[in-house]
Amino acid sequence: MDISWPQCGRQVPTGQAFAIVGVNGSLGNTTNPCLDEQLAWAASSVGGSAQPKTQLYVLFANPGLQASVWPTSNTYQGTTPTNPFGKCSTKSGKKQLTLACSYMYGYARAYDDVTIRGAGRPAAYRWWLDVETGLSYQTDTAQNRAAMQGMITGLKAGGVRTIGIYSTVSQFRTIAGTVKSNSPLYGRSNWIALGKSTVTKARKACSGTPLPGGKIAMVQVEVPYGSATIDRNVSCS
């Protein structure tokens, strides 16, 4: 089962085998206001599957120059990561939408997710990068791939060891385009969203098409819960 800020203050099922908690609020630069409470709920997971009992996810975003804060250098919070896309800088005093700056934007968001949101013990969890068309992204897929790559670097810089990708094949293709085999995005564990469906269909989807080079580890389905729906997740191993 996975929950995040929309479930704040709401009753959720208990006795789950494993749980995934969203670190962010509605945007990638915000914090889930009930993260502590939801992490405590996740810690009560009973186990019994191949999945870690508590996992976390963070939101991918690349608003480009519309961002409230857009990078102008390769340094963030006193750290200068190796930028595979070169130097992020301004031109004639103006911010630039370049691959290097998209990389640094992703790095900054993910580094914050690990260091200031309050999750703590980053190495203790598997982390997922949530890639959806409902979030901000650029029409130039290369810019989005650069930001995702920056996020992976930022998570690792904060101490995260295991990183997978949550999406659907269609949404990921729209946002990331073609992912080459030498990309850090290639070959990662997949958490695939199925939408409103059934647990039986989720199990069948475990053998479906994965994201580039990856292997499907979990499938998410929206199922009825009271008068609403809630996300349940099926382990594929």
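The values are calculated or read from the model by the stated rules, or taken from the named source; none is laboratory data. Small disclaimer: the values here were computed from a predicted structure and weren't measured. All Cβ positions, glycine included, derive from the backbone under ideal geometry; neighbour counts span all protein chains shown. We work out accessible area using only protein heavy atoms, side chains counted, and drop any ligands, DNA or RNA first. Shrake-Rupley method; radii C 1.70, N 1.55, O 1.52, S 1.80 Å.
A few comments on the model shown:
- Cα-based helix-to-principal-axis angle, 99-115 vs the chain, degrees rounded to 10: 50
- CYS206 - accessible surface, heavy atoms, 1.4 Å probe, Å² rounded to 10: 30
- In the chain, Cα pairs under 8 Å separated by at least six residues give a relative contact order of 16 percent.
- Share, in percent, of DSSP beta bridges within the chain that are antiparallel, nearest 5: 30
- Mean-square fluctuations from a GNM of the chain, with a 10 angstrom spring cutoff on Cα atoms, peak among VAL23, VAL179, VAL69 at VAL69.
- Sequence-distant residues sharing a close amide H with GLY25 (under 5 Å, placed H): THR30, THR31, ASN32
- Rounded to 5, the percent of DSSP beta bridges in segment 117-237 classed as antiparallel: 35
- Per-residue SASA remark: GLU37, around 110 Å² accessible (1.4 Å probe; ligands, DNA and RNA not included).
- Distance (nanometres) between label positions extended 7 Å along Cα→Cβ at THR14 and THR72: 5.2
- Entry comment: accessible area of the chain is 46 Å² per residue, from protein heavy atoms only and a probe of 1.4 Å.
- Among ASP36, ASP140, ASP2, ASP231, the sequence by solvent-accessible area, most first, with a 1.4 Å probe is ASP36, ASP140, ASP231, ASP2.
- Ranking SER167, PRO210, ALA147 by Cα position along the charge dipole of segment 89-237, where only Lys, Arg, Asp and Glu carry charges on their C-beta atoms, puts PRO210 farthest toward the positive end.
- Using a Gaussian network model of the chain in which every pair of alpha carbons under 10 angstrom is joined by a spring, one finds that among THR98, THR54, THR139 the greatest mean-square fluctuation is at THR139.
- With all protein chains in place and a 1.4 Å probe, the accessible surface of the chain carries 48 percent carbon and sulfur.
- Only protein heavy atoms count here; under a 1.4 Å probe, LEU27 has an accessible surface of about 100 Å².
- For segment 91-237, the tally of Lys pairs with Cα-Cα distances below 27 Å comes to 8, considering only residues 8 or more apart or on different chains.
- The chain: calculated mean residue ellipticity at 222 nm from DSSP helix runs of at least 4, using -39500 (n - 2.57): -7500 deg cm²/dmol
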